[in-house]
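Enquirer: First the structure, which I've put down as structure tokens, then a few questions once you've had a look.
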Amino acid sequence: MDAPTAAAAEHRRAIQFTGNWREYLPIAATNALLIVCTLGIYRFWASARQRRYLWSRTHFIDDCLEWTGTGKEMFLGFLIVLAVLVPFFLFFQFLFPALVARGKLDAASGILFLFYIAIFYLVGVARFRALRYRLSRSWWHGIRGGSNDPGWNYGGEYLGRLVLAVMTIWIVYPWAATRLWNSRWRAMSFGQLEFRANLTAEGLKGRWAMIYLVPLGMLAVVGMIFAIGATFAVTYGGDKSPGFAAFVIALFLLIYLAIPLMTLNWYAAFYRKAAGALTLGDLEFGFDATTWEWLKLVLGTLGLIVVTLGFGLTYVGYRNWAFMVRHLQIYGTIDVAALAQSTTRAPVEAEGWADAFDVGAI
Amino acid sequence: MIRGTLYDGSSAFPHDVCVDVDGSGLRLTQESGWSDSVDASQLKRIESGAGAIRLGQLNVPGWRLVLPADAASKLEGLLGRKERYGRWIDRIGLLPALVVGGVLTASIVGVGYVAPHWIAPHIPMSWERNVGGAIVGDFGDLRCRDPNGQRALEALVDRVAPGATRGPDAIRVAALDVPVFNAAALPGGYIVVFKPAITETDTDALAGILAHEVAHVRRRHVTEALVREFGIGALIRLFAGNIGANAEQIVSLSYTRDNEAQADSDAIQMLKRANISPKPTAELFDHLAKEQGEGSSFGAEFLQSHPLSSGRAKKFAASFDPRAHYSPALGRDQSDALFNICWKRPVKQS
């Protein structure tokens, strides 16, 4: 039996978000209260509740998704990672100042270098394992995803590519990001179907260059205005007017804004292309959020947090998920009779690593 | 009889099934003649949207039975209560959990912040020395080792706090060749002064700074900060994430500010007893305040660990007694030796 996606010629999309903020409000409110009253320990259960709601309100073809991860396993996963990381951090916390205090600055900087190498590696592992965990707890039609790869090699690849990117002042980052996307997703599966990813940096280089060129161009304009202003000041012997100074400051602020905006502009293109390069069996994916839509999401969330005096923080996860699902497209057909259960092992440390380093899965 | 959809957990294929509720569970049948029964104790509710009821089976991963929402009345009594907030919260109920949790959290945080203030004075100095020694060491090449300068520096400490550099709990003071205008009290009774604080100030002002740091050591403020940091501070940073850490910082800072103010008043007393004029210290803080270009806003002080320098300047200036006959903190020779403490003699080639 084939279930049609993109609902053939119909206007209904294959994947839809059916939740609404009023229905989510009791979850958001009680989560916030319980987190505060438990010194933050409840946050693992809070995020499990949030995901149970969001997944169950996400409809794919003829059935909703299901989240089976629990707060308890995320809490235990966090403790497992803590047991590894706390001695590691404490060791460096004492070793580094002890070396500095003894005047062994070379040894101290060497230690710091090793420390950052280890952190980079673990962040890569964390990212991989967070994705693996999320897939392993996401079900549809009684089938789940996962991966048999523990992600240790991915950590090495992540470290290598990012070190290369750092050494080239991030110029080669589009290549690093696209290769890493492919490595990550090619290791993942849903049911017995494996994800395939063929993302290249083609079409992403221009936007990446903009991150460097736009602020530089603006700087050149400021320089020219300065030169002209100076000429005028000399010609007329007058003082620089306060209006002129304000204008220059405003331009500098614009440059500071230009860098994050250009980065957002790149990420918008990255996620569109990345989703387009992903397939699962006969399913193809797409993502259509534009830079402007991403910007509205970010500004909307910030505004919401400010207007609600911080309470809006409890809606960040909701807004992000709704945004993702609304812009995600899935085409093609899926043979549900042939989609068999996943045989991958589900990780036990849940999102402990990602949680420790505060990184997302996608 | 209810019509529903069954996913068996081995493939994604949806099976149409008829479901009957009998006393102890559900009986599933298909027109093909297949049938199965599931005991109610094996069933669990699964979160789903308004339009459907979703059931799982405890021991069969992926086994899902989807029933129309109007079947709810028939299933009443068969299924246990829905898990809402997590099992440990559900067991005691939301409101009791909030109250108990709130009281516990408030007391942990309260004790965590207040207790170090009371505990710190009872921690044996020898323990602190071990920790301090492990962290601080001998400062290696950073330390200024001119013997005359070192003697002068110790004399200055002794001048504001007689006997402080001798005995088992002696304060150990070191000058460091670091280009930052600062001084600090470290764990284990160490006081460090950075080079610019020696070369760019009057000896009397340096006496004021050292008196302030001696007060920190004597009041066990450093110990207090260490205990707080490794106790409640670590706990909050672990579990409450970034927001918790920021809140923690603000609370710790309020303690830091109280301690700084206390160290300042102690320093004023010490200067008075030593018959050293507080005026140079006041002028130094005034100068620092101008250098930092700080306004008189309350907000600035609220987020700073040290009280505003202009406020501190006023306190020191107010303690100046115009009738007193102050004497210089150090004699001429010692002042010169102190000034040159970080000056390294060229190594003789043999």
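Enquirer: When the residues of segment B:1-22 are filtered to those that are within 14 Å of chain A (Cβ to nearest Cβ) and of a type in the set (D, E, K, R), which remaining residue is surrounded by the most Cβ atoms within 10 Å (Cβ to Cβ)?
Expert: Result: B:D8.
Enquirer: Being over 22 Å from B:V217 (Cα atoms), touching a Pro at 6+ places or on another chain (Cβ under 8 Å) and modelled with pLDDT under 90 is true for just one of B:E301, B:E291. Which residue is that?
Expert: Matching residue, one of B:E301, B:E291: B:E301.
Enquirer: Could you list, in sequence order, the residues of segment B:23-50 that are in a loop (DSSP other than H, G, I, E, B) and surrounded by fewer than 15 Cβ atoms within 10 Å (Cβ to Cβ)?
Expert: B:G23, B:S24, B:Q30, B:E31, B:S32, B:G33, B:W34, B:A50
Enquirer: Consider B:L206 against the criteria (1) on the phi > 0 side of the Ramachandran plot; (2) of a type outside the set (S, T, Y); (3) modelled with pLDDT of 90 or more: it satisfies all of them except one. Which criterion is unmet?
Expert: Here B:L206 meets the rest and fails (1).
Enquirer: A follow-up question, please. Residues in segment A:127-149 that are part of a strand (DSSP E or B) and under 17 Å from B:Y7 (Cα atoms): how many?
Expert: 6
Enquirer: Hey, another quick one. Do we find that A:G77 is closer than 26 Å to B:L235 by Cβ, surrounded by 17 or more Cβ atoms within 10 Å (Cβ to Cβ) and more than 12 Å from every other protein chain (Cβ to nearest Cβ) in this structure?
Expert: yes
Enquirer: Taking interchain pairs and intrachain pairs at least six residues apart, which have beta carbon atoms under 6 angstrom, with the first residue in segment B:89-105 and more than 10 Å from chain A (Cβ to nearest Cβ) and the second basic (K, R) and assigned to a loop (DSSP other than H, G, I, E, B)?
Expert: Filtered contacts from segment B:89-105: B:D90/B:R84.
Enquirer: Another question, if that's okay. Test of understanding: among A:A130, A:A108, which residue is more than 8 Å from every other protein chain (Cβ to nearest Cβ), touching a residue at least 60 places away in the same chain (Cβ under 8 Å) and of a type outside the set (V, I, T)?
Expert: It is A:A130.
Enquirer: Oh, and also: Among the residues in segment B:41-64, are any more than 12 Å from chain A (Cβ to nearest Cβ) and either without any contact (Cβ under 8 Å) to a residue 12 or more places away in the chain or of a type in the set (G, A, S) (or both)?
Expert: Yes; the residues of segment B:41-64 include at least one that is more than 12 Å from chain A (Cβ to nearest Cβ) and either without any contact (Cβ under 8 Å) to a residue 12 or more places away in the chain or of a type in the set (G, A, S) (or both).
Enquirer: Tell me, yes or no, whether segment B:163-173 has at least one residue that is in a strand (DSSP E or B) and either buried (at least 16 other Cβ atoms within 10 Å of the Cβ) or not acidic (D, E) (or both).
Expert: Checked segment B:163-173: at least one residue is in a strand (DSSP E or B) and either buried (at least 16 other Cβ atoms within 10 Å of the Cβ) or not acidic (D, E) (or both).
Enquirer: Of the residues in segment B:51-63, how many are more than 45 Å from the chain's Cα centre (by Cα) and either over 21 Å from A:G145 (Cα atoms) or not in a strand (DSSP E or B) (or both)?
Expert: 4
Enquirer: Go through segment A:180-204 and give me each residue that's over 30 Å from A:Q341 (Cβ atoms) and surrounded by fewer than 17 Cβ atoms within 10 Å (Cβ to Cβ).
Expert: A:T200, A:E202, A:G203
Enquirer: Is there any pair with a first residue in segment A:202-222 that is more than 22 Å from A:F252 (Cβ to Cβ) and a second that is hydroxyl-bearing (S, T, Y) whose Cβ atoms are under 8 Å apart and which are 6 or more apart or on different chains, and what are they?
Expert: Note: pairs meeting the criteria are A:L204/A:T178; A:W208/A:Y173.
Enquirer: Quick one: would you say A:L328 is buried (at least 17 other Cβ atoms within 10 Å of the Cβ) and either at pLDDT 90 or above or within 13 Å of chain B (Cβ to nearest Cβ) (or both)?
Expert: Yes, satisfied.
Enquirer: So, in segment A:332-351, how many residues would count as being away from chain B (no Cβ under 14 Å) and either closer than 12 Å to A:L193 by Cβ or surrounded by 15 or more Cβ atoms within 10 Å (Cβ to Cβ) (or both)?
Expert: Going through segment A:332-351 one residue at a time, the tally reaches 4.
The values are calculated or read from the model by the stated rules, or taken from the named source; none is laboratory data. None of these values were measured; they are calculated from a predicted model. Note: ideal-geometry Cβ built from the backbone for every residue, glycine included; neighbour counts use all protein chains shown.
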